[in-house]
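Each remark here refers to the structure printed beneath this line.
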Amino acid sequence: MTMTFSPGWAAPKIAPVPVLPPNPSNKKIKNRDYIIKNNQKRQDGALFLTFFDETAVRNAVQRAVPKYNSADGTIKGLLNDMIGSAETITIDQGTHQVEDQDSGGFKLHFDARPASGSPCFHLYVQQSKAGYLIISEVSYMNGGTRVDATPSA
């Protein structure tokens, strides 16, 4: 495989909660509240995050390849490159940026960066009902426009 993982990519992303100064700005309060919420969701999902390792990522990518058929082929190309090509794709950040889901719970994403300098891709992950990791969405920026794709099957 041509997927590599940066050292520490899977380290917990629990951030230190900042101490607010007297008369904090709304931005500082919102940032602190976001960090507290993010940390709590990570603790609530600790069992799932414990099983989020290189093998789980590799298996999720292999399962995702036949399910992503984006119109421009960019996302399909990325997934194919991640499981076998001359291009190296680096996973340089483990899951981060907790995002609420309308259906409840949360989702996280990890970053995948092609060595060619192509855009940084966000691969959103969830746990399947059977307990394994699935890629539920892939996004990237194309000239200032966000491109999103979800599995087709």
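Couple of notes before you dig in:
- With each label modelled as a point 7 angstrom along the Cα→C-beta vector, the Lys27-Thr4 pair spans 3.6 nm.
- Probe 1.4 Å - accessible area at Tyr140, Å² to nearest ten: 10 Å²
- Length released on extending from Val17 to Asn142, taking residue separation times 0.36 nm less the Cα-Cα span: 41.6 nm
- Backbone amide hydrogens, once placed in the peptide plane, bring Thr90 within less than 5 Å of Thr4, Arg113, Ala115, excluding anything fewer than 5 places away on its chain.
- 5 angstrom amide H check on Ser136, placed H, neighbours 5+ away: Tyr124, Val125, Gln126
- Extended-chain gain in nm, criterion 0.36 nm per residue less alpha-carbon gap, Lys37 and Val65: 6.8 nm
The values are calculated or read from the model by the stated rules, or taken from the named source; none is laboratory data. Model, not experiment: these values are computed from the prediction. Neighbour counts are summed over all protein chains in view; Cβ atoms, including those assigned to glycine, are modelled from backbone coordinates with ideal geometry. The accessibility values were calculated without ligands, DNA or RNA, using every heavy atom of the protein model including side chains. Shrake-Rupley method; radii C 1.70, N 1.55, O 1.52, S 1.80 Å.
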